[in-house]
Each structure stands twice: as C-alpha cells, then as structure tokens.
Amino acid sequence: MKLLSVIRKSAREQWRDPLTLSLVLIFAPLTVLLYRLFFPTGSTTYTVLVLNQDAGVQQAAGQLWNAGDELMGELKQVTYADGSPMLIVEQITDRAEGETRIKNRGAQLLLILAPEFSQVLQSGMATDTATVTYVGDLTQPYYAVAAVMVNSVFEQFVKTVLGQSMPIRVTEEPLGASGARTEFENYVPGLLIFAVILLVFSAPMAVAREVEAGTLRRLQITRMRAFDFLGGITLTQMIVGVAALLLAFVVALLLGFRSQGPIWAAVVIGAVTSLSVIGVGLIVACFSRTVTQAFLIANFPLAFFMFFSGAMFPVPRLTLFTIGNQGVALFDILPPSHAVIALQKIFVLGAGLSDVTFELIALSVLSMAYFAIGVWLFKRTHLAAG
Amino acid sequence: MSNIVLQVEGLTKRYGELIAVKNLSLAVNEGEVFGFLGPNGAGKTTSINMICGLLKPDAGRVLIHGQPVTNGAGDVQARVGMCPQNVVVWERLTCLEQLQFVGEMYGLTSALARQRGAQLLERLDLIEKRDKQARTLSGGMRRRLSLMLALVHDPEIVVLDEPEAGLDPQSRIKVREFIRSLARRKTIILTTNNMDEAERVADRIAIIDHGELLVLDTPDALKRSVGEGDVLEIALNGQAGSDSVQRACQDLKQLTPGVSLDAAQSTLTVRALNAVNLLPSIMEVLATSDLRCGEVRLRANTLEDVFIQLTGRRLRE
C-alpha cells in the first residue's frame with residue numbers, strides 16, 4: 001500500500017519535471033542516432049591514399065601494363081557482407097600531402113607503390129628495396145585494420161599476377177549472424193545498456209532531492225519503511241529506464257538494426273539491469289545530502305560502468321574463479337557487463353532468455369545485493385535518529 | 001497525573017563538547033497549548049526532534065501516556081504530528097496530493113487521507129488551491145500547507161516548530177486562530193521566539209536557554225515573576241552615564257524598588273503596581289536631578305520582559 005503510494009507520488013513528480021525526464025529518455029536514442037551518423041554505410045570505411053609511382057611495363061602486344069592501377073581497382077572492390085565499401089581509395093601525387101592527411105586523421109593509410117612495381121611483378125624476382133610501402137600512425141587502431149585489409153588484397157593480387165595458388169583452403173564461418181552485422185549494429189547493445197546506465201544519476205538524485213528538501217525527514221516520522229520509500233523510487237526509475245531503453249531500441253530498429261533473437265528477452269534483460277543500476281544509485285544516495293552531491297558521486301560508478309563493464313569499450317576479462325564452465329571475472333560485479341553479453345547473444349546469435357540464464361541470474365543476484373545494501377545503508381545514513 | 005499526555009525525563013543531547021540539551025524534564029498536560037520559548041540556538045528544535053523520535057537522546061526518555069517512545073515501544077508516529085521550522089512540502093505535488101500521500105504514509109486509506117486533506121484545506125483557506133502544485137503557492141500558503149501535513153493523520157499531540165515564522169499578518173492571524181481551534185481537542189507544543197505569539201496562544205510556557213529549562217509556568221505567572229503591574233520606560237537621551245542619573249535612581253528607589261537603568265539603551269525602567277499614580281513624583285525627581293527626559297512610555301508587563309530578564313540581551317547568532 002505505502003509502496004504503491006510512493007510509486008504514484010514519484011511518478012507524478014517525475015512526470016511534472018519534463019526537462020529531467022526528457023533528458024533521461026532522449027539521451028540514449030540520441031546517442032544511437034549519432035552512432036548511426038558516424039557509420040553512414042553501417043560500418044567503418046577506411047580511407048586509403050595511394051601514391052602510385054609505378055611506371056608500368058610494355059607488354060608483348062605493345063600495351064603498357066600498370067600493376068599499380070590494377071591494384072587500386074582491386075582495393076576499391078573490397079566490400080562488407082552487405083555490399084557497402086570497406087575502403088575509400090584515393091590517388092594522390094605528393095607523399096607530404098598524404099602524410100599531412102594522416103596526421104589530421106583525414107585518412108588511415110598511405111600506400112606508396114615504387115616506379116618499378118610492375119616491372120618487379122612481371123619478372124617475379126625478389127628485390128632488396130621496398131617496392132610497396134605502408135605509411136600510417138601505428139598508434140591508431142584504424143590504421144591496423146586498414147593495413148590488414150590492404151595487405152590481404154595485395155597478397156591476393158600478387159598471387160594472381162604470378163599465377164600462384166594457396167595449397168591450403170581457408171574458410172571463415174561466422175557464429176550466428178555475426179558475419180552480416182554492421183559495425184553500427186555491434187555498438188547497439190552497449191548503447192541500449194547506456195540508456196539504463198544513466199539511471200545511476202537519476203535514482204540517487206531523486207532520493208537526494210527528498211533529503212535536501214527536508215521531505216524525507218517529514219516522512220521519517222510517519223509509518224513509512226525504508227523499503228517502501230526506496231522500493232517506490234526504484235520501481236518508478238525502472239519504468240523510466242525501460243522506457244528509455246525501448247525508445248533507443250525503436251530508434252535503432254528504424255535505423256537498420258536487426259535482432260536475431262526475441263526482442264522481449266532483450267527488454268527483460270534491460271529491466272533487470274536497470275534494477276541493479278538503480279541499486280548502485282541507492283548506495284550513491286546514502287552518501288549524498290544534496291542533489292549536486294548525488295550527481296558528483298554518481299560519476300564514480302558511471303565511469304566504472306562505461307570503461308570496465310565492456311558496455312562501451314572492450315575490456316580484458318580478469319577471471320577470478322569458475323562456476324561450472326562459467327568464469328567469474330573481477331568486473332562481473334558491474335551489472336552492465338552481464339547485460340551487454342546477454343544482449344549480444346540475443347541480438348547476434350539469436351539466443352532466447354533460456355540461453356542467457358547465467359547472465360540473468362547474475363543480474364538478479366546483483367540487483368538484490370545492491371538493493372539490500374542500499375536499504376541497509378539508507379536506514380543508517382538517512383533514516384536513523386541521530 | 002492522569003491528564004499528563006507527554007512527559008520528558010532528563011533528556012540530554014550532546015554534539016561533541018556542546019551540550020545542546022541538558023537534563024530537560026517537563027510534563028505536558030492533555031489538551032493544553034504548551035509554549036516552548038528560547039533564543040536561537042537555545043535547544044528548542046533539538047528537544048522537539050528528540051520528542052518526535054527524530055533524534056536519539058544521549059540520556060533521558062520521552063513518555064506518551066506513560067509509555068516510553070524513544071526505544072520504539074510507543075506508537076509515536078500515530079500520536080504525534082510535527083510541523084518543522086522550515087516549510088517542507090513536495091514542490092511538484094498538488095496540495096491535496098501531498099496531504100493524501102502523507103496521510104497514506106501514516107497508514108490512512110487513500111479515501112480517508114483525501115477526505116481529511118480536503119477538510120484541512122477548507123479550514124485553512126486553501127481549498128481553492130487544492131489542485132495546484134506547491135511550487136505555485138505563496139510563502140504563507142506553503143507554510144499553511146506544511147502545517148496541514150502535520151495534522152492529516154489526526155494526531156493527539158501536535159508539535160509546531162515556529163509556525164508563524166515568515167507569515168504575513170493575515171496568515172499569522174489565520175494560523176493562530178487555527179491553533180486555538182485545535183486546543184483542548186489536541187495537545188499542542190509550540191516552539192517560538194515570538195513572545196507575542198506565545199503569550200496569545202499558550203496555556204503554559206517553558207523558557208529554555210543553553211539547553212537548560214529556566215522556567216515553566218503560565219504566561220501570567222511568568223510576567224508576575226518579573227514584577228507586578230506596569231512598566232514605565234523613560235528615554236534619557238544619552239545621559240545614562242552621568243552622576244545625576246545615578247543620584248536620580250537612588251531617589252527613585254525611595255519611591256518604588258522596581259527601578260533599573262539600562263546604560264546601553266540609555267533608558268530608565270520603573271516597574272510598579274501603580275506606575276500612573278507615581279508618574280508625577282518620578283518626573284519631579286528627574287527634574288530635580290536636572291535630567292531632560294525624551295520619550296516616556298507606560299505599558300503593561302509582557303512576556304518579553306520575562307524572556308529578556310532570563311536570557312539577557314546578548315545576540316545569539
């Protein structure tokens with residue numbers, strides 16, 4: 001009864017604060033939209049500059065054969081599974097210009113073909129000097145990807161010209177639908193969880209508002225229990241979190257995102273994740289007396305969620321122990337880490353809820369643990385008679 | 001003893017070296033308006049918070065109808081309603097919504113909480129604002145709403161911490177009338193440093209300073225304690241330090257013993273049962289001493305006289 005009253009009251013307050021509500025709701029869908037804009041073709045395209053100094057060689061028929069031009073043509077043919085180009089190949093005439101563009105992040109790789117490129121290829125003789133040079137900033141991850149792609153095309157080109165064939169046939173078999181996923185789609189699970197992660201701000205701020213205004217003190221002398229108060233705020237925040245998640249999901253679908261598994265399973269994962277994130281938020285609230293303080297302290301768990309859960313950036317798993325065949329890593333205490341794995345399984349591998357049982361159990365346990373710690377701390381910090 | 005509703009025994013609260021409340025003991029009778037007076041920082045709010053269970057005393061206990069409440073044995077939530085010193089309302093809830101919400105938190109059904117809320121809004125002239133959010137109300141309206149939130153569960157003891165602070169005269173009269181209307185049906189504990197407010201509504205008054213109870217009695221008895229009758233205040237226009245004033249004081253004390261000189265205020269105060277009759281003689285003494293008088297005021301004894309005598313003139317904040 002009291003829990004319902006708190007939910008009703010919190011929902012009214014949330015609804016009547018449209019600025020805060022819309023910021024929480026819009027942020028994740030907006031991020032999804034921006035990510036889609038980063039990848040106009042759905043995946044990253046790598047700009048390769050080619051300084052083709054190849055002088056070419058006269059063929060027997062009297063024609064001039066320029067292997068550099070042919071290689072450039074091959075590079076332009078490299079596409080993703082959906083047919084979108086992987087490389088943007090541009091020919092330049094000045095090395096300095098190419099280096100400047102790489103320094104300014106206007107291109108990822110400069111490919112220099114020496115004047116004797118065609119001649120060496122035609123003769124099939126090894127040379128001491130470099131006839132092909134890759135120039136790039138080796139600290140940039142995009143350079144490495146571009147270099148691998150160009151090198152792969154280059155090796156195939158050389159083998160074709162020399163009439164060689166691979167004695168071993170290598171094939172690639174993607175798991176689930178992973179082979180056909182665009183880079184944008186790979187980011188979506190993390191972005192959806194991002195919608196829920198933001199509750200680590202709004203939940204403690206809702207509690208701190210009551211502390212700061214003195215209304216919690218007013219409620220302290222009523223028959224309300226910590227469970228009613230925190231439970232009411234938690235459930236209201238969860239509704240907001242799930243709404244933000246759904247909005248972000250709809251935007252992603254409209255922008256071309258495809259899910260192999262059931263969408264309702266993803267929503268269940270999002271809802272349980274929101275509970276655990278709010279649980280962390282309640283712990284933040286226990287150390288906050290003002291909204292500003294709650295906002296500042298919430299940055300700490302947010303940073304952990306962002307950088308160590310794998311939601312936004314891949315992180316190595318520091319496995320501590322194993323349960324059955326499931327390794328438990330240090331950052332598994334962060335709810336988003338399980339959520340991202342579960343969503344990727346659902347979206348990419350077509351998993352159902354039963355296939356993500358471990359993640360679901362882990363999220364549920366974390367939710368209960370964080371909520372229990374939050375209630376326990378809250379009783380001592382904000383509801384206890386001083 | 002059967003009509004004692006609230007009893008406080010040896011209540012003490014320390015904050016490090018500071019003793020905020022020291023061994024406070026008092027009893028509040030059923031149906032009375034009990035004024036709790038003291039300068040800022042005297043320990044009023046700390047005492048009130050301990051009575052309401054918001055603060056844990058370091059020593060002592062609070063009993064309601066003989067049942068201790070500080071250890072949680074008594075049902076303090078249902079029996080006590082508290083209106084804090086600051087206006088505490090939910091900005092984005094309407095007047096009726098917050099009354100209903102607080103009522104529900106006290107265990108009332110939604111329907112009963114709404115009904116009680118509407119009745120209170122009617123009685124404190126806020127019924128027209130029942131569906132307006134608190135943030136749209138004026139300061140006086142918000143304070144009245146804050147007062148209603150303490151009453152929605154119909155408690156038998158109502159604790160009002162400075163209920164008239166920040167109110168305009170119209171709202172002040174309204175709140176005062178409302179408090180009076182509650183008296184007899186409920187026990188009211190009223191903290192204030194507004195003497196006028198206390199004198200007008202309180203049946204008994206406790207004055208507290210530096211955490212200690214100084215006096216506890218009816219307003220009339222307290223006023224009598226500082227002197228019967230009237231107070232004659234004579235402005236001396238800066239002559240208070242002169243020898244002639246000292247001589248005049250000695251001569252006046254022959255007429256009546258209640259003569260005091262406030263050098264800082266340059267005011268001579270004479271307390272006497274028949275100050276009006278003594279006035280010609282007093283003026284003659286002053287004239288003989290070659291003193292020129294400024295403003296001369298004759299007034300009845302007030303609670304403020306009691307308060308100042310007990311707590312002094314020094315500023316506390």
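Any read-out appearing in this document is the output of simple, stated calculations on the displayed coordinates, not a laboratory observation. Every value quoted in this text rests on a predicted model; they were computed, and no experiment measured them. Reconstructed Cβ throughout: ideal geometry from the backbone, glycine too, with neighbour counts over all protein chains shown.
Summary of values
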{"read-out": "Estimated Rh, chain B: Kirkwood, alpha-carbon pairs, angstrom", "value": "21.8"}
{"read-out": "In order through the range B:161-166: 3J(HN,Hα) via Karplus (6.51 cos²θ - 1.76 cosθ + 1.60), integer Hz, x for Gly, Pro", "value": "8, 6, x, 9, 4, x"}
{"read-out": "Fraction in percent of alpha-carbon pairs per bin - 5 Å, the range A:90-132", "value": "5, 20, 24, 15, 13, 14, 7, 1"}
{"read-out": "Which of A:118, A:367, A:259 has the fewest Cβ neighbours within 10 Å, and the rest in rising order", "value": "A:259, A:367, A:118"}
{"read-out": "Alpha-carbon Debye profile of the range B:139-253, log10 I(q)/I(0) at 0.09, 0.10 Å⁻¹", "value": "-0.40, -0.47"}
{"read-out": "Cα extents of the protein assembly as shown along the three principal axes, largest first (Å)", "value": "145, 60, 49"}
{"read-out": "Over the range A:326-386: Kirkwood hydrodynamic radius from C-alpha pairwise inverse distances, Å", "value": "13.2"}
{"read-out": "Candidates A:190, A:73, A:281: whichever shows maximal mean-square fluctuation once chain A is modelled as a Gaussian network with Cα springs under 10 Å", "value": "A:73"}
{"read-out": "Rg to Rh, two decimals, where the range A:1-94 supplies the alpha carbon set and Rh follows Kirkwood", "value": "1.49"}
{"read-out": "Inter-chain shielding of B:100-109 (mean C-beta neighbours from other protein chains, 10 Å cut-off)", "value": "6"}
{"read-out": "Convex hull projection area averaged over all views, chain A, Cα basis, nm²", "value": "25.2"}
{"read-out": "Theoretical ellipticity at 222 nm over the protein assembly as shown - DSSP helices of four or more residues, -39500 (n - 2.57) apiece, nearest 500", "value": "-15500 deg cm²/dmol"}
{"read-out": "Fraction of the pair-distance distribution of the range B:124-165 above 17 Å, Cα-Cα pairs, percent", "value": "33"}
{"read-out": "Where only alpha carbons of the range B:1-112 are counted, the Rg and the Dmax (Å)", "value": "15.9, 49"}
{"read-out": "Cα-centre dipole for the range B:176-276 with unit charges at Cβ (Lys and Arg positive, Asp and Glu negative), debye to 20", "value": "460"}
{"read-out": "Relative packing of peptides A:346-358, A:314-326 - highest average C-beta neighbours within 10 Å first", "value": "A:346-358, A:314-326"}
{"read-out": "The range A:171-324: mean projected area of Cα convex hull, nm²", "value": "12.4"}
{"read-out": "Diffusion constant of the range A:1-49 at 25 °C, which comes from Stokes-Einstein with the Kirkwood Cα-pair radius and 0.890 mPa s, µm²/s", "value": "175"}
{"read-out": "The range B:209-279-the range B:102-128 distance, computed between alpha-carbon centres (Å)", "value": "50"}
{"read-out": "Of all DSSP beta bridges in the protein assembly as shown, antiparallel share, percent nearest 5", "value": "60"}
{"read-out": "The range B:168-206: trypsin sites (Lys or Arg not before Pro) in DSSP coil with no more than 11 other Cβ atoms inside 10 Å", "value": "B:185"}
{"read-out": "Acute angle (nearest 10 degrees) that the helix A:2-15 long axis makes with the longest principal axis of chain A, alpha-carbon atoms", "value": "50"}
{"read-out": "Neighbour-count order for B:56, B:223, fewest beta carbons within 10 angstrom listed first", "value": "B:56, B:223"}
{"read-out": "Cα pair distances in the range A:266-384, grouped into 10 Å bins until the bin that holds the longest one, percent each", "value": "13, 40, 33, 12, 2"}
{"read-out": "Centroid-to-centroid separation of the range A:193-263 and the range B:164-178 [C-alpha atoms, Å]", "value": "40"}
{"read-out": "For residue B:14, residues with placed amide H under 5 Å, excluding near neighbours", "value": "B:20, B:58"}
{"read-out": "In degrees, nearest ten, helix A:357-378 long axis to first principal axis of chain A (Cα)", "value": "40"}
{"read-out": "Gap separating the Cα centres of the range B:46-71 and the range A:83-160, nearest whole Å", "value": "82"}
{"read-out": "Whole-angstrom Cα spans of the range A:95-172 along principal axes, big to small", "value": "40, 35, 17"}
{"read-out": "P(r) histogram, all alpha-carbon pairs of the range B:59-141 included - 10 Å bins from 0, percent", "value": "17, 39, 27, 16, 2"}
{"read-out": "Convex hull of Cα atoms in the range A:285-345, direction-averaged projection (nm²)", "value": "5.3"}
{"read-out": "Paired Rg and Dmax values of the range B:213-257, which use every Cα atom, in angstrom", "value": "15.1, 40"}
{"read-out": "Geometric extent, Cα atoms of the range A:137-257 - Rg, Dmax (angstrom)", "value": "26.6, 88"}
{"read-out": "Size descriptor, Kirkwood hydrodynamic radius, that averages inverse alpha-carbon separations across the range B:106-181, Å", "value": "12.9"}
